1. Mind giving me the nanometre distance, one decimal, between the label points for LEU66 and LEU15, set 7 Å out from Cα along Cα→Cβ?
2. Sort 73-82, 6-15, 122-131 by the packing proxy (mean of other Cβ within 10 Å over each peptide's residues), most packed first.
3. Using each residue's phi in segment 98-106, evaluate 6.51 cos²θ - 1.76 cosθ + 1.60 at θ = phi - 60° and report the 3J(HN,Hα) Karplus result to the nearest Hz, with x for Gly and Pro.
4. So for the pair MET74, SER7, with labels modelled 7 Å out along Cα→Cβ, what separation do we get in nm?
5. How long is the gain from ALA22 to ILE113 if the chain were fully straight, where each residue apart is worth 0.36 nm and the alpha carbon distance is subtracted?
Amino acid sequence: MTPKTRSLVALFGALVYALFGARILSSSIASLLVFLRDSAATGVAGGGMFAFSVDIIVVPYLLLALASIVASVMLRSWARASGGSVRALHRAHRWSIVLAFVVAIASIVGFNIAGSPSPLMLLPLSAMAWGLQFVLTAVLLGTYALRS
């Protein structure tokens, strides 16, 4: 693959990740705020929050999460060679992947251990972590496309 083709693919990937990441991040922030308001008012979280959050995290975005991991691995040597802010961006991207998985696993474990509504709060937090991670993927891919 030629360098120009790689740059075009990276720009397309950056666009896809920016659109989906911003959408996930904005809707999950809204979901978290609704959850906090409703649970403070009633003391219980609704089942609709669970269905909405599972739809955001699992169904359409699992492939984006896997592709983000692949992009991180593929751009690792380029980020090391670029140094400075690119290396810091790649490190933040890598840790955002870890954070997103930790919050997602914690929400699953929380449902199986606790009976309180607090594990339900982890679902929108997990979606926020994935949304942030996708936005960071867009920035990383965009940086690669512009610098190469």
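1. Result: 2.5 nm between the two label points.
2. 122-131, 6-15, 73-82
3. 4, 4, 4, 5, 4, 5, 5, 5, 5
4. 1.7
5. Full-extension gain reported as 29.6 nm.
Bear in mind that the values in this text are calculations on the coordinates, not laboratory data. Small disclaimer: the values here were computed from a predicted structure and weren't measured. Methodologically, a virtual Cβ is constructed for each residue, glycine included, from the backbone with ideal geometry; neighbour enumeration extends over all protein chains shown.
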